[in-house]
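Peer 1: Sharing a structure here in structure tokens format.
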Amino acid sequence: MDNPAETAPPAGSELVPARRPEISPLERAAITLLSMGEEAAAAVMRCLSREELLEVTRVMSGINGIKVDAVQETLQMFFDAYREQSGVHGASRSYLQRSLDLALGSAVANSVLNAIYGDVIGPKMARLQWAQPQWLADRLAREHVRMQAIFLALIKPEQASQVIAALPEAQRQRVMLQIARLKEIDHELLKDLEAVVDSCLENLGNQGAAVEGPRQAAEIINRLPVNRAELIEVLREHDPDATAQIEDRVYSIDLLAYQSDETLAAIVGAVPFERWAVALKGTDPSLREALVRQLPRRQVQAFEDLCRRTGPMPMSRIDQARREIMEQVRDMAEAGEIQLQLFAEEVVE
């Protein structure tokens with residue numbers, strides 16, 4: 001029989017419970033949405049931007065192993081915050097609309113309320129951020145050029161530029177001129193615009209699914225147990241342009257995140273500091289940290305100072321620096337100087 005004195009903890013010591021991992025605000029948001037039911041969660045999600053929605057749904061889809069007490073704590077925090085924020089309830093828009101209509105007339109009332117609540121059509125147009133540029137361009141082609149200009153002036157510039165690029169070339173110039181001439185949008189035109197937006201929203205679910213073929217092809221090629229270089233050469237014979245797009249994705253700078261320290265050290269040593277300072281702008285911080293770890297200590301500070309001095313850069317110059325680095329990486333791999341891992345493999349302990 002074991003001696004109790006041998007198995008008992010030392011006198012005066014206490015068992016310290018394992019510390020629970022900290023739950024991030026994003027994980028708390030995901031837990032709250034998962035706890036409130038589909039309809040309520042959908043109503044909240046409609047108020048999120050595209051980036052916010054993608055981020056929170058990614059966490060929601062991968063969340064697991066959350067303890068009951070962590071869920072209770074998260075919901076308690078939510079309701080505590082709700083009570084703090086909702087002590088006084090303002091008048092609803094419909095209440096103010098009726099009151100101001102009587103006092104000022106509907107035209108003035110709408111102007112005042114839009115200043116208070118924001119543009120009525122804004123939230124509707126925000127939902128169109130999910131529409132494919134070509135689909136929107138096809139629908140706008142039915143409208144007169146002034147309506148096209150108003151529509152494009154009220155969506156995000158990034159999306160507007162993609163839609164304009166999808167329009168016929170002759171039409172692009174007329175639309176851009178109309179956008180440049182816009183100063184104020186007539187109330188009647190706003191009503192017509194709302195009808196156009198409503199029509200787009202009604203048919204949004206009917207648009208075809210977008211597939212990024214070059215990226216998908218690159219992902220498949222990276223995993224094929226064949227000579228990839230030979231396969232790419234065969235593809236190039238049939239379609240050089242499509243193959244060039246595939247190669248850009250096969251050898252994207254994100255590929256460096258999958259490499260061993262030995263491979264990264266060889267790559268870092270072969271590429272000039274100045275090129276890294278440009279190419280790493282806008283990349284995942286973990287990639288930058290992995291590359292910096294390969295530098296001698298005496299060079300780390302010099303590299304960080306160089307990155308700060310370079311300042312903001314146009315995306316075209318950043319893309320060019322990344323292409324030059326990855327061309328050099330590809331040459332090193334083909335020459336047998338480095339062992340290049342083309343995708344993130346699952347690690348088993």
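Derivation of every value follows stated rules applied to the coordinates shown; laboratory data play no part. The shown structure was predicted, so the numbers you read here are calculated from the model rather than taken from an experiment. Because the Cβ atoms are built from the backbone with ideal geometry, glycine has one as well, and the counts that use them run over all protein chains shown.
Peer 1: What ranking, highest mean first, results for peptides 296-305, 253-262, 329-338 when packing means the other Cβ atoms within 10 Å averaged over each residue?
Peer 2: Descending packing order for the listed peptides: 253-262, 329-338, 296-305.
Peer 1: Over all directions, what mean area does the Cα convex hull of the stretch 25-82 project, stated in square nanometres?
Peer 2: If I average the Cα hull's projected area over directions, I get 4.0 nm².
Peer 1: Using every pair of alpha-carbon atoms in the stretch 251-334, split the distances into 10 Å bins beginning at 0 and state the percent of pairs per bin, rounded to integers.
Peer 2: Percent of pairs per bin, in order: 17, 57, 25, 1.
Peer 1: Taking 1 over the mean of 1/r across every pair of different Cα atoms in the stretch 118-204, what Kirkwood radius in Å do you get?
Peer 2: When all Cα pairs of the stretch 118-204 are included, the Kirkwood radius is 12.9 Å.
Peer 1: Hey, how much of the P(r) for the stretch 256-296 falls beyond 13 Å, as a percent of Cα pairs?
Peer 2: 48 percent
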